[in-house]
Each structure stands twice: as structure tokens, then as C-alpha cells.
């Protein structure tokens, strides 16, 4: 047991290998939050009157709300008046070439198998002419434009496609939804907008583009994806690569709308700064994500791999409104050191013959606390609906915790709801077996953890599945249960 | 504003308490009265819970808080005789029987039996006089009232109930039967039965708590039972809740388990318009076994809520939990099963299953299993299902020439008997089988 403790100790002592600061000259709003600041943000972005009104309505509502206290996470109180709500990056003074970048960081990239050009992009190295991101972006844009797919930043969408934005903004997550979503509605900086017209199957993973194009969307992101009748899109948010970020609080909102026969697949890989081994610093990731299967036979699928952030608090949900619609949620959440995660999903069955699947895998190590909190609600109208939930937890030490809070509400006799949960640790016999076959203890743990998460990784787009596996290895380095 | 309404809702409890204090006469000087006062103060501070409290999210106690119930201050037989009692209680129980009418002990209807020396089977208000030393060692030490308003209220009105003490090494073969009867009354009333069961080292006992009513009127029962299971003791507790269909029932049971003790609870609820059962088991030593079984049968406007907490505080303990519910009519069922595994409770094996059968589209089930685990070398699983009768099983029976109604009854009965068959006392099993059949027949005539 003593060697075990020492390796866990090593793990706990591990530093965040990619922490560094990039100085950015920015066009910054004064500290604090009031109606003038919101007007300032809106004016900076040349927004139409209706959007400003919407922001102000949200802000006024926010003033009447209280910060929720029910999640199983602990953090010092946030002073909302001490933050800067608008900061547009002007120009970067990054390192001149990769040679100037921290070699440790490059090693991590290598482990994750990230291409050289992307490494440059991520570390903030000035990109040379050949890999000019603007030109790359334009190529993608042309190709998508031919099909009628709109994919642009949120502010661009407000300018170019105001009707679409006006129609769908707040239709899934209204500005009154919850404390952080309301705050986001008032001050959201930018984000992405994606519109897939009727019958179009988006030819590429929109992630590729996103990774290159939208690295600095900021603290209060707003994403809106609309898939019209019969459309299909797969979208990947975030990045397996470690993200540098100076913002403490992230309160993003993601809204998905799927019409008749449409399909949206939304994958997230999140690896933000988790804070040091004493839990100091790190990102608070408080996100509201929700999809609406508005049409018949529509399908929304969430896949997430959460390894970063000091606190992760999010419940990607699906409102199954259309008959025969399908909602899916696949999640891997890793908490190490002092990280905390309270994550899960909400499946609201309204339409007939609706189906949902939930697979959640939580891994806790160090002093980490991992909670699954989910809601499955079957309304009276949702006859013949079906849900299957499975949440498994893996504990890699004796100081970490795993919690499950599943809520099940059923109001219909022809529906079936099943929920299963288990908690376990990596067996000594399993490690022994692997070691006997010549694997090191660390590789054995890696292999077992990856096997544990396989059901979820299978759902990720191919190349990210590979990266996610490697990421898990990096996250749990030195951890032998 | 909410503060104001809350205070007004507490008013009837507080004025009841003044009357209760007066009725105690000289007894109010006793040590226990200081506890009563402290609990009442705590209750005044807590107020009745609202659905904003996570613990009461799905169960609104507003009907209890907003009406007025009068305390029953003195014993009155109220026309209860052996004869009309016989139709309501479980037949063929061999052991001793303690009967309480509206919360007060009825010596005439009870049979305290004969037991080996040292065994105490008596009423609590008697024990508070005769065995005060023994009672004070245990009473109110396990039922924490600082965060539960109903336990605080019960502690404030602590007066009568059952006191059972089994000394070291004694095995009581026959079950001890506790009957709590509510009678007819013009005004709605409240009773606060308080039971204390202490089982010492190597002792064994089997207890049945039964809540019944003679008339179908409205009243409120707020009961608390404390159980202390010593080293290597074996305790089986069965609670049958068949209050009137207009009654309110809040029952809390607090179990404290010692080394290698074995505790089993069977909680069967089919009465009350609003019923809530809380069971909190603290596995406070190594080698404990804890089994919780539960069954809910509800129909009409009934709302039955089961909250259980199993707290694995020490290593090498096992717990098994099986709760089932059959909901018909417009009834509502709630289940919350918490399992805590504390930091040092390695080698814990905890298993929880919750199954619900919905027989009507207007019935609602809210279930929330909850595991909180802080140790790594443990085996914890839970499963929850909500569904309907298996179409294939129905088809199988019908292909054997059984009509669809009988087939449905058969499968429903089988679903329930999975729990009722676990009760060790034969008389109770037969009684439950009778209740089940009657319920099925009633459901058929309504449907």
C-alpha cells in the first residue's frame, strides 16, 4: 500500500504543465456590471436594438435571482462586480516561434498527437503565410456556403442573419432559465452560430473549423445550432489540447434545435486549467446546455469528456418534444487533485415513443469529488417512451468521492425507465494480471480506465476518440489505484 | 411574508404544547421535560418543511401545516373493545401485545406477556416513572431533531409509546405486537407515539408496529421509533401502516447498529392520504448487516413517500435494500434512498433496488436513489425501474387459458409478494396476502 500512496502523492504533486500567460492588449470595458456596461458591449458589437433590449431584460431579471446553492461543489463567493465583462483581443505578443515555447508543453502536445500547425495556433505563435488561418477558414466557408450551411461567429450571425437568430435565440434556454444562463444572456461576448438548411448533411465535422477559428471566444460564450428538416450536423466544441485561459468563471450557453428528422451530434472535450494541487485557481465551468428535439424523428446526442476545470457544473439536456425523437448523453468526467464535478443530464420526455439513453462514467482521484446528477422525466403525454440510464464510478484513491443523484419522475404507464449505477475501484487482481503480462502498473491503469470509458469514447468522432484516450492517460499520469 | 405564514402554521402546535405542559402536572420537573422544551424551541425555529427543502421536494406537508389538529391529552377507550379491534389487527399473533389508543396506552386491551427476568415490555410513560435510569440512557439519543421538524415535534410531545428492553443473551421467540389505534372524533386530532427499543448483546427480538383506525376520518399521526441494536444482536422490525384514507401519517425510525448486529426492517404502507416513512440506519461498527424492505400500495388520491438513509460509517458492513411500489388511481409515490459510505468504511457492500409498477396513467412516481461514496474499496450498486406489466408474461398466462384480469392480478400479486414473502412472521404474511387480494379486487371493480 505504501508504494500506492507514494504514486498517488506524485500524482497530487504534479504541476499543471501548460500554465503560462499571454499578454493581450485589449479593448476593455471598466470593471463591474450595470446597464451601461451592457449598452457598452452591445454598442461595441453594433447590435440591433432588439438584442440590446433582450440583454437588458435578462440583466433586470438576473438582479432578482440568487446564485444556486444546491450543487455538490464548494467555491468562494464570486464578486460579479469585480469582473470585466468585455475584452476584445486586439493583438498578440506571443512567442515568435515554437522554439520559445515551454518544451514541457510541447511534450504534452506530442503525447496527444497534435499537428505542428495546430501547436503553433494553440501556443499563440504568429502563424506564417502558408497556414494563414483566415485563408483556411475562408476555404471551409466557401465549401459550406455552397450547401447553404451557415457557420459563423455569433456577432456575424446577428449582423447577417438577424431573422434566424431572433427566431431561435432563447427558444431552448430562455433568458429566465437559471442564474448563470441569465447572466450569460445579459453579457454574452460571442460564440458560434450554425444553421443547416433542409435536407443537408453537413459534409465535415464542424469541429475542425472551430478549432482553428474560434480560440478566443471568451468567457460568456453563446452557441446556437439549428438543424432544419432532415439535416445532419456533427459539432465538436473545445479541444483535447490544454487550453490556456485567464478567466475564472465560464458561463456559457449552448442551444440546439432539431426539426423533423434532423440530427445533431454535439461533442465536447474540455481540458481547462484545473487549479494547482491545493485547489488554488482554476476555471469554474458553469455551463447551460440544452437541445430541443422539436420535430418528429429528430435526434440530439451529447458526448462529453471533461478532464479540466477546477469546478465543472453542467447538465446537457434534451427536451424530447417531437414524437419518436431520441436523446442521448454520453459522458466521461475525471476529477483529480482538488477538482470538483457535478454533471449529468436532463431528459424531458413529452412526445410519444420518445427514447433516451444515458451513459455516465465518473473517475475520481486525489481529493476529487465527482457527482452525477440527472433527471429523467416522463410526462403524461409521452406514451411508450423508454429510458435507460447507467452511471458508473471508478475511485482511484481513498480520499476522493463519488456521488450519484438520479431523479426519476414518471407519469405514464406505458413507459419504461431503467436506472443502474455502480461504484468500484481498480482491482488489485486486474493490475496484477496486467503486470504479469509485462505491462507497467501505469499502463495497466491506463488500459483499465480506457476500457471503463470505452462506451463513451465510441461515440466521439474518430480522431477525437483517439486523442481523448491519450488525454485520459495524461490526466491520470502516475495514478495507480 | 413567508415567515409570517410559517409562524401562523406553527401556532396550533405551540398552543397544543401549552395545554400538554399543563396536563403533565408535576411531571414537568423531570429531566425529560427540558428535552421536550428544547425540541419544541427547535421546532418553532424550523417550522414545517416546504417543497423548497430538498428532503421534501416531492411531498408537500401544507395540508398538515395549514389545518389544526388538537392534542389528545388523556387516555379514553373511545369505544374500542377487544371485539372491534379483532377485525382490524393481524390474526394469530402469539406473543405479547401493547395497544395504544390515540397515542395513549390501554392497559385493558394489552397483554404484556411473561418474559425472562430483566426483559421490559411496557409503555413509555410507565417506564419514565419506573425505569427512568434505563430509559434516560437511550431515549432521544438517536432520533436527532435538529434538522427534522417532525421529529422535533414528536420529541416536544414525547409522552407515551412502547418501551422494549431485551437484556444480554435473551432470545424472544414470539413477536411483540404494537398496535396504534386512532378512533373517531368530531375534531381532527394529532397523536405523537414514541417508541424505544433496546436490544443488548447477543439478544434477539422481533417487533411489529401496526397503525390502524376504526373510522375513516381525518387525523394526524406523527410517530418516532428509536432502535438500538447491540453487539451480535438480531432485530427484525415490521411496520404496517394502514391508517384511514383521510389520515396523515409521518413516521421516522432511527436505528443505531453495534458490532456484527443484524437488523431487518419491513415497511409496508397502504393507508393514509399523505404518508411519509423515514428510516435512518447508522451502521456504526464493523460487521453490521442491514436489510431494508419496503412495499407501497396506493390508489385514489393517496401520496406515499419513503425516505431511507443507510449510513456506512465503519468498514466491513453489508446493506441490502429492496423497495417496491404499486400505484393506481391518481396516487403519487416517492422514493429516496440514500447510501453514504464514509471515508474509512472500506469493504462495504451496499445494494439498493427500487421497482415501481404503474397501473394507471394518472399515477406518478418520483424516485431518487442517491449514493455518496468517500471510500475506494467498496461495492455499491443501485437500480431503479418504473414500468408496467410485462406484455409477454401476460400473453403467456392468457395462452394458458387465464383471462386477462386474472393474469394481471396474478402478476401484480407476484410483484408485491417478492417483498411480503420476506417478512418472517407467518401471521403478518397471511394478513398482507389478504390486504393484497382485497386491493386487487377493489382495483378491478373501479377499473
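The values are calculated or read from the model by the stated rules, or taken from the named source; none is laboratory data. Quick caveat: nothing in here was measured; it's all calculated off a predicted structure. Here Cβ is always computed from backbone atoms with ideal geometry, including for glycine, and neighbour counts include all displayed protein chains.
Quick notes
- Filter result for residue B:228 (at pLDDT 95 or above and out of contact with any helix residue (DSSP H, G or I) (no Cβ under 9 Å at 6 or more places or on another chain)): no
- When residues in the stretch A:50-75 are screened for being in contact (Cβ under 8 Å) with a residue 12 or more places away in the chain and touching a helix residue (DSSP H, G or I) at 6+ places or on another chain (Cβ under 9 Å), 15 of them pass.
- Residues that are surrounded by fewer than 20 Cβ atoms within 10 Å (Cβ to Cβ) and part of a loop (DSSP other than H, G, I, E, B) within the stretch B:282-307 comprise B:284, B:286, B:287, B:300, B:301, listed in sequence order.
- Elements of the type helices (runs of 4 or more DSSP H) sitting completely within the stretch A:125-195 and holding at least 3 residues that are modelled with pLDDT under 80: these cover A:133-147.
- Of all residues in the stretch B:339-349, those that are facing chain A (nearest Cβ under 9 Å) and surrounded by fewer than 24 Cβ atoms within 10 Å (Cβ to Cβ) total 3.
- Single residue of B:87, B:94, B:123 found to be buried (at least 19 other Cβ atoms within 10 Å of the Cβ) and out of contact with any helix residue (DSSP H, G or I) (no Cβ under 7 Å at 6 or more places or on another chain): B:123
- Boolean, residue A:432 is closer than 22 Å to residue A:274 by Cβ and surrounded by fewer than 24 Cβ atoms within 10 Å (Cβ to Cβ): no
- When the test is whether a residue is touching a residue at least 40 places away in the same chain (Cβ under 8 Å), in contact with a strand residue (DSSP E or B) (Cβ under 9 Å, 6 or more places away or on another chain) and more than 10 Å from chain B (Cβ to nearest Cβ), residue A:449 passes it.
- Every residue from the stretch A:384-443 that is free of Cβ contacts under 8 Å to residues at least 12 places away in the same chain and either more than 10 Å from chain B (Cβ to nearest Cβ) or not in a loop (DSSP other than H, G, I, E, B) (or both): A:428, A:429, A:432, A:433, A:435, A:436, A:437, A:438, A:439, A:440, A:443
- Checklist (1) closer than 21 Å to residue A:306 by Cβ; (2) modelled with pLDDT of 85 or more applied to residue A:464, failing item: (2)
- Of all residues in the stretch B:350-367, those that are surrounded by 24 or more Cβ atoms within 10 Å (Cβ to Cβ) and facing chain A (nearest Cβ under 7 Å) total 3.
- Test: residue in the stretch B:316-330 that is within 14 Å of another protein chain (Cβ to nearest Cβ) and over 24 Å from the mean Cα position of the chain (by Cα): no
- Any chance residue A:333 is more than 14 Å from chain B (Cβ to nearest Cβ), free of Cβ contacts under 8 Å to residues at least 60 places away in the same chain, crowded, with 24+ Cβ neighbours inside 10 Å and part of a strand (DSSP E or B): yes
- Qualifying residue in the stretch A:349-356 (condition: more than 20 Å from residue A:455 (Cβ to Cβ), touching a residue at least 12 places away in the same chain (Cβ under 8 Å), assigned to a strand (DSSP E or B) and out of contact with any helix residue (DSSP H, G or I) (no Cβ under 6 Å at 6 or more places or on another chain)): yes
- Residue match in the stretch B:153-163 (condition: assigned to a strand (DSSP E or B) and farther than 30 Å from residue B:422 by Cβ): no
- The stretch A:357-371, residues that are within 26 Å of residue B:365 (Cβ to Cβ) and within 9 Å of another protein chain (Cβ to nearest Cβ): A:371
- In the stretch A:167-175 there is at least one residue matching the filter, namely being closer than 28 Å to residue A:32 by Cβ, in contact with a strand residue (DSSP E or B) (Cβ under 6 Å, 6 or more places away or on another chain), touching a residue at least 40 places away in the same chain (Cβ under 8 Å) and assigned by TED's automatic domain parsing to the domain that holds residue A:39.
- Test result for residue B:443, surrounded by fewer than 15 Cβ atoms within 10 Å (Cβ to Cβ) and either without any contact (Cβ under 8 Å) to a residue 60 or more places away in the chain or within 14 Å of chain A (Cβ to nearest Cβ) (or both): no
- Failed condition for residue B:117, given (1) free of Cβ contacts under 8 Å to residues at least 60 places away in the same chain; (2) in a helix (DSSP H, G or I): (2)
- Restricted to strands (runs of 3 or more DSSP E) entirely inside the stretch A:212-270, no element has at least 2 residues that are outside the structural domain of residue A:284 (by TED's automatic domain parsing) and at pLDDT 90 or above.
- Residues (more than 7 Å from every other protein chain (Cβ to nearest Cβ) and surrounded by 16 or more Cβ atoms within 10 Å (Cβ to Cβ)) located in the stretch B:368-410: B:389, B:394, B:397, B:407, B:408, B:409, B:410
- Test: residue in the stretch B:7-29 that is at pLDDT 85 or above, outside any helix (DSSP H, G or I) and over 30 Å from residue B:438 (Cβ atoms): no
- Residue B:434 satisfies every condition listed in (1) touching a residue at least 12 places away in the same chain (Cβ under 8 Å); (2) more than 22 Å from residue B:292 (Cα to Cα) except (1).
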